[in-house]
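The values are calculated or read from the model by the stated rules, or taken from the named source; none is laboratory data. Treat the numbers as computed from the prediction; the structure is a model and nothing was measured. Here the Cβ positions follow ideal geometry from the backbone for every residue, glycine too, while neighbour counts run over all protein chains shown.
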Amino acid sequence: MDDEIATEFALTLKLDGEEFATLVCSPSHLQELVIGILASEGVIRSAGQVKALSIHEDTGFAYIELEHKQSVSRDYYTKRFIGSCCGKSRQFYFHNDMLTAKTIITRTRIKAGQCIKFMRELQDSSPDFRSTGGVHNAAIGTSTKLLAVRTDIGRHNALDKLFGYCLLHRLRTSDKVIAFSGRLSSEAVLKAAKIGCGIMLSKSAPTDLALRLADDLGITCVGFIRSGEMNVYTHHERIDFTN
């Protein structure tokens, strides 16, 4: 067959000499991916906390040295935790989600027509998606233009690459919008909260837990953005339907 096939790459992260995780990803923007996953897992809060980062694509290893070595139990990253905030029930998959997912407060609004335009631009901007159909896309932008688009075989990896991009460029995120090709799952909403964006757009459907989390975390979820239509599920006030 002459079809182009999406590349799958295993990258093992060695954090201060110890194995931290192995990611199955697309081999692009790997520095952003590593920084993003460390921030998403609560290991760092800024790119400046990474003293050294060396990525060896030939062997599939990334070596990370932190400015201040942490001694955190692996249970911190794998133990499920259920907490509450402001009287609302908030369920998290892992303990670090509770510490890193932020409630978003923003006055940013976006026109409905721009949401549709962003989803079209998201798909058109990815040659890997057009050639293979086997990757996910994620983008971050203002209410009027996309700033960066990232692609990966893993939908959460694409969001982590955006997180890394934001940290490396010291980008303010509270007034930004995320456009995403994947399902609006609870994990995706938590990623948006960790990045700090209050509006998340997708061509796909949401889950019930995702919408409960989005409502609690102050995130506007817009799904099924297709053929000039969309569904606004949470925090409707940020979507402007006027001409």
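Structural remarks
- Here LEU147, LEU159 are screened, and the one residue that is assigned to a helix (DSSP H, G or I) and either in contact (Cβ under 8 Å) with a residue 40 or more places away in the chain or hydrophobic (A, V, I, L, M, F, W, C) (or both) is LEU159.
- Residue match in the range 212-219 (condition: without any contact (Cβ under 8 Å) to a residue 40 or more places away in the chain, in contact with a Cys (Cβ under 8 Å, 6 or more places away or on another chain) and not in a helix (DSSP H, G or I)): no
- THR151 surrounded by 18 or more Cβ atoms within 10 Å (Cβ to Cβ) and more than 23 Å from ARG212 (Cα to Cα): yes
- Hits in the range 6-64 (condition: over 21 Å from ALA192 (Cβ atoms), of a type in the set (D, E, K, R) and touching a Phe, Trp or Tyr at 6+ places or on another chain (Cβ under 6 Å)): LYS14
- Just one of the listed residues (ILE37, ILE44) is under 21 Å from VAL189 (Cβ atoms), modelled with pLDDT of 80 or more, out of contact with any strand residue (DSSP E or B) (no Cβ under 6 Å at 6 or more places or on another chain) and aliphatic (A, V, I, L, M), and it is ILE37.
- With respect to (1) modelled with pLDDT of 95 or more; (2) part of a helix (DSSP H, G or I), the lone exception for LEU209 is condition (1).
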